[in-house]
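The values are calculated or read from the model by the stated rules, or taken from the named source; none is laboratory data. Small disclaimer: the values here were computed from a predicted structure and weren't measured. Glycine gets a Cβ as well: all are built from the backbone with ideal geometry, and neighbour counts include every protein chain shown.
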Amino acid sequence: MNKLWVRLQHQGLSRDKERREAERRDLRTLVGSNLLRLASLGGVSRSTYEEAILPRLLSQVVSCRDTLAQEYLMEALVQAFSDEWHLATIGQLMEAITGLSPKVSIKTIVIPLVDRVSAYASRRREEKDKGSPTPSNDDSGDEDKDKDGLPETKGRKTSRPHSVKSADEGDSERQPTAQEDISISDQEHVESHSQSASDAEAPLEEDAAALDSSVQEAAQILASTSLDDDDGNGVAEVIEGVTLDVPGPTKCNEVDTLASLFSSFWSHVSGLIESRPDLPLHDAIAICASMLRLSLACNPQPAEPVDNVLAFVREQLRARDLSPGAHNPATANQLLSLLLGPLRAYPNPLKVLELGNYGPLLESQAERTRKSVAVALLTAILQRNTTMTTEEEVAGIVRLCASLMSKAPEAQSGSLGHVSTSEMPYPGTPFDEDDLAEEQGLLARLVHLIRGPDVVSQLSLLTVARDAFSQGGDLVRYTYPAVVAGATRLLGPFAAMKPEESGAARSEWIKRVRQLCRFIQATISVLVERSSGSPLVAELALQLYLASAQAASMSPAFRDEQTLEEAAYEFIVQAFTIYEEHINESRAQYQALMLVINALHASRNFSAENYETLVAKCVQHGSRLLKRPDQTRVAYACAQLWWKTLPDSELIPPPLEVGQDEAQVERAHAERVEHERSAIEQHNNGDKVLAHLQRSLKVADSCLDPVLSIRLFVELLNQSTMHYERRCLAVTPKYINDLIDLIRTSTANIEAFDSSMPEPTRAAADTGVADVNALYSPEMPMNTYVLHYFQRTLEYIQSRKDLAASGSYNLPDFSAIRCVEPEDERSSEW
Amino acid sequence: MHIPQRAADIPAKFRKLLVPGKIDQILCTGNLSDRATYEYLRGITPHVHVARGEYDDRTFPISARLAEQDLTLGLVNGHLMVPGGDVDTLAATARMMDVDVLVTGNTHRFEAYEEQGRFFINPGSITGAFSPLEMQAIPSFVLMEVKLGHVVAYVYQLVNDEVVVDRIEYKKE
């Protein structure tokens, strides 16, 4: 019939060619059904198939030399016969394919074949994993050998109700439904096929003994890995409905056999590709990609088969003498899916490092492919939370992501039209700020998954990562902060690790800590350099310095160490340098100064001179701020620096652990508290507090906007009360009383508070210099707000008075402070 | 949260709890430091209030004040307050903003207490990012149920990879 079919093509006039083609296509189902009948014939053993049927079929197909027929018939052949038979006859199939006419698209034949085999292989593995608990019932002795046939066929029977499933159904070849090209969709065919399938079982079983051993073993192959596989789920349902006669796993070289299965297949396929030089490259790569999937489905564990595939692809690329840039998009896409395959399949993305050829293949790709693969790799690592613990792992991964770190020429030139290398025949990826930040953010997050086995090695791992990131030029501003943060965090464990007595161990420890501090400093300074003075990055660097300074100067373990005090001092000095050189905008200046003050306030380990120098610097910069309210606030913040107390949270003793003596724990805690307290309070100086408060008051008074002045006065009042509560004796009750009086007189004198004037005018009088850096901007008019604020403060002082008078709280004597005056009753009208 | 600087991501167990649609408003004490994280928060609920932290860009306000069921809530990061995290300073700030409940951050240490008739909450850091004040932070966040003059705060902490929940109440006088 085939010959007839082919002859149809050549008969008739050439102008009718297209019409004939169409007619022929319709007829193809007829031809195909022949094949199906053949396939479903009962009594056809595999050996018969192999020796008699197939060769004849194939010779028919090859000899007809007609493109359409060949294509269609080969596809039909692939789909009609069962997987195991295909496995056995791979050699013949491949030869036949080689002999096909050049115009036939090999890809459409080979890829479905490979996919079916890989689905088959993964199914077998899943079957073993799900089915092994059930012991074998020894229905028939010789069924032991027919292990492949039974689950297959039995699976087919019960899966009839689940007829429309994905390709992982064991029955797919007998129930051609959705995915088949053969357009036989009537259910009768389906039914009859399954009928004949069950008929075919019996002879199959009889021929069990005669079946070829390699396929048997292949079918028994049950890999020892338990890769989570979608295929498995479909099969699991099937198998649960089946009383499995699958005997207990005979672990006869399962892994090896699968590997040999793959390698034989692979040798055929590679031979095929090599013998067909005219095969378009993207087809060849697509075939390789599906072979890769096959190998991963067979057995994901050994890296070698996958590596071989990759090596072959590289060979092909080289042999065809194409530069990476000349790839058309189709090829590039295929290569991309090829490279992404292992990433998706391996549960541990780091396994990709074992594939020796992966890196070089990746590097030879176009920019875009490399980036996509790098992003996919990073996402996989982040999602699965895989930690990297050795230098090789870290180095390997960052090398694979190297494409993310170099800035492409487009970004710098800013226009997509500019193609500086031959690399980008198509428009590159958009390089706007957000996307870039996201990509680099992935790299930054990677840093947190680096967990060295101990602190010292962690530092070396971070160094490796940092050096790799430094290739990014000024992209480091996204990645370095994470590295620095990782390093700063190490200061904590280091503090805990301090050796008890001085000696060799301690000097070793000091050396390490110094190394760490130097690492931090070097990294941040490179960050500043590369940022070419951008104020945002400068602020970031400043904050990083401050965070490190705080970390270095808080812990008791670091207290008497010269090295660490120097390091902390240096960090703050560097922060000031950045402030002076790069931060020029007044809002940023205010924020930066406040951060420095906060860091100084938190520090405990500075010696007196260092502390004084640093605070003096703060004061100096504060007084040079542009806006008066900023100056005021910095001044009273500096006042805070001279009177520190132990935070309440540290007074709480740690929870008692099992096996600890309560009294001892308490004593240790009390000791600690005492040490901390003395460290914190060592610089306290009441006079300086007062001096700063007075200075602050003076500046506040000089504000042009009177309402703003009063607001600042009230803030100062709060601050003074705070100091008084903490028993800073320089802040006397008289001082507070004077301040209260000042506020009262000011509010009385200013038009904005004159209750005789109508409200809109009053509010309008409140137009002055905007107070941008205030912590809180009320929605109500400022004058009202200020009055209420004052009121609340007075109420607070009153409450403190009452508490102090009751004597039950640890408060100084508030009785001297006058806060309730007759005028206050009037204020409630406002 | 300090993503991506100090942490890779919000812990998976917390992500499972933060289901979109169940939460009315999010008060974030700042330092998200990542656009993607902000979008993630927006995905949970569109009403997100963020107070600027030192690592955020200028688009967020430095403080926020909300009125909810006759309670006023204040939100501020706290990095500009000296001394940071101190009880008296926080009390002074609450006085300045005239709020009943003050939510602050910056120390990465969970705290919740009542002082001078106001309620102070520091939800800690949801990613457990370290801070110089708290080098081994425990990931935590707080879910507040606000009723008429009454707040019930549930704090979720991730201790040894287990989610531990605690409950604190506050009633306005």
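Numbers for the structure displayed
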read-out	value
Matching option when the condition is at the interface with chain B (Cβ under 9 Å from one of its Cβ atoms), among the polar types (S, T, N, Q), in contact with a Leu (Cβ under 7 Å, 6 or more places away or on another chain) and in contact (Cβ under 8 Å) with a residue 12 or more places away in the chain, among A:Gln591, A:Gln640	A:Gln591
The one condition in (1) buried (at least 22 other Cβ atoms within 10 Å of the Cβ); (2) more than 18 Å from B:Val82 (Cβ to Cβ); (3) small (Gly, Ala, Ser) that A:Ser553 fails to fulfil	(2)
Given (1) of a type in the set (S, T, N, Q); (2) assigned to a helix (DSSP H, G or I); (3) surrounded by 20 or more Cβ atoms within 10 Å (Cβ to Cβ), index of the condition B:Thr89 fails	(3)
Subset of the stretch B:123-138 (residues that are part of a loop (DSSP other than H, G, I, E, B) and touching a residue at least 12 places away in the same chain (Cβ under 8 Å))	B:Gly124, B:Ile126, B:Thr127, B:Gly128, B:Ala129, B:Phe130, B:Leu133, B:Ala137, B:Ile138
Checking B:Arg95 against (1) within 22 Å of A:Gln591 (Cβ to Cβ); (2) at pLDDT 85 or above; (3) within 7 Å of chain A (Cβ to nearest Cβ), the condition it does not meet	(1)
Yes/no for A:Arg800 being at pLDDT 80 or above and crowded, with 19+ Cβ neighbours inside 10 Å	yes
Residue that is farthest from the other protein chains (Cβ to nearest Cβ) [pool: residues in the stretch B:59-72 that are touching a strand residue (DSSP E or B) at 6+ places or on another chain (Cβ under 7 Å) and touching a residue at least 60 places away in the same chain (Cβ under 8 Å)]	B:Gln69
Subset of the stretch A:548-588 that is within 11 Å of chain B (Cβ to nearest Cβ) and not in a helix (DSSP H, G or I) - its residue that is modelled with the lowest pLDDT	A:Ser555
Pick from the stretch A:768-790, criterion within 10 Å of chain B (Cβ to nearest Cβ) and in a helix (DSSP H, G or I), ranking: farthest from A:Ile736 (Cα to Cα)	A:Tyr785
Within the stretch B:33-67, considering residues that are of a type in the set (D, E, K, R) and under 16 Å from the mean Cα position of the chain (by Cα), the one surrounded by the fewest Cβ atoms within 10 Å (Cβ to Cβ)	B:Arg42
The stretch B:98-113: number of residues that are surrounded by fewer than 23 Cβ atoms within 10 Å (Cβ to Cβ) and within 10 Å of chain A (Cβ to nearest Cβ)	4
Residue tally, condition within 14 Å of chain B (Cβ to nearest Cβ) and charged (D, E, K, R), over the stretch A:688-723	2
